[in-house]
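Structure record follows, encoded as structure tokens.
No lab work stands behind these numbers, since they all come straight from the coordinates. Because the structure is predicted, anything quoted here is derived from the model rather than measured. Using ideal geometry, Cβ is built from the backbone for each residue, glycine included, and neighbour counts are taken over all protein chains shown.
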Amino acid sequence: MWQAALLCGVAGYVDALGYLRLGSVFAANMTGNTVLLAIAAAHGEWARASVYAMTLAAFFVGAVFASFMRRAIPRGAWLALLAQAALLLAASLLPLGAEKELVLLALGMGLQGAAVTQFAGTSLYTVVITATMCRLASSLVDGLWPKAEPNDAPAASAHWPIFVLAWLFYGLGAALEVLLFDGLRVPLLVPALLLALYALLLARRARAGES
């Protein structure tokens with residue numbers, strides 16, 4: 001479950017950075033960006049709306065690329081995460097300006113969101129918390145009011161700890177960004193390194209599975 005916690009923490013961290021530093025735009029939370037895009041468009045703030053639209057498009061492109069990678073290389077999720085780490089570093093190190101930095105961050109978060117979605121035998125998207133909260137609620141109800149399951153199917157209620165962990169670490173990642181941002185010259189260095197290490201671990205497991 002630590003893998004899910006790690007990726008959720010990275011998403012929360014990057015989301016907080018985007019919102020606080022790059023003009024109140026989320027890098028991972030596309031639900032929020034969609035609402036903010038609609039509000040900006042309704043107010044006729046087209047320049048503002050274009051920033052949200054650009055971020056949404058970058059995220060979607062990243063998710064499409066990661067999905068292609070999963071189809072072409074079944075054990076190649078590590079490639080998408082390594083690419084994401086490179087994008088986070090580029091966003092921090094290059095003098096791009098806020099809008100281009102947002103594009104790189106959203107592209108990376110789209111890669112993450114579609115690259116790894118299975119943890120501890122359950123499906124979990126690490127760049128969104130709303131669905132995680134709903135699945136946590138469902139798991140808790142299943143625990144209180146069990147339903148008939150096939151003998152070989154695990155009870156849905158058994159998965160509730162990973163949903164709690166994902167929720168907590170998303171918030172923890174955001175809090176760490178706020179607390180550490182002023183003290184870090186390259187604020188995205190830590191999540192980029194964590195992603196790179198996790199990607200290398202996945203690559204090692206992929207090679208072991210092929211041998």
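Annotations
- Net charge dipole, the range 2-199: roughly 300 debye, given to the nearest 20, about the Cα centre with Cβ charges of +1 for Lys and Arg and -1 for Asp and Glu.
- Only helical runs count toward this figure. For the chain, summing -39,500 (n - 2.57) over DSSP H runs of n ≥ 4 and dividing by all residues gives -25000 deg cm²/dmol at 222 nm.
- Rough spin-label spacing in nm, given labels placed 7 Å along Cα→Cβ, for Val35 and Arg21: 2.5
- Dipole of the range 2-199, positive direction: furthest Cα of Asn33, Ala85, Gly171, with charges on the beta-carbon: Ala85
- Dipole magnitude (debye, nearest 20) for the range 75-176, charges at Cβ of Lys, Arg, Asp, Glu: 80
- Comparing Leu124, Leu102, Leu201 in a Gaussian network model of the chain, where Cα atoms under 10 Å apart are tied by springs, the biggest mean-square fluctuation is seen for Leu201.
- In the range 23-110, the alpha-carbon atoms span a convex hull of 80 Å³ per residue.
- Proxy reagent accessibility, fewest Cβ within 10 Å first, across Thr34, Thr130: Thr130, Thr34
- Within the listed set Leu94, Leu168, Leu189, the Gaussian network model of the chain (springs between alpha-carbon atoms below 10 Å) gives the highest mean-square fluctuation for Leu94.
- Folded to 0 to 90 degrees: helix 189-210 orientation relative to the chain principal axis, Cα: 40
- Listed residues Ala90, Ala63, Ala166, most fluctuating in the chain (Gaussian network, C-alpha, under 10 Å): Ala90
- Over the range 70-114 - Rg/Rh using Cα atoms and the Kirkwood inverse-distance radius: 1.06
- For the range 2-199, the Rg and Dmax computed from alpha carbons only, in angstrom: 17.5, 57
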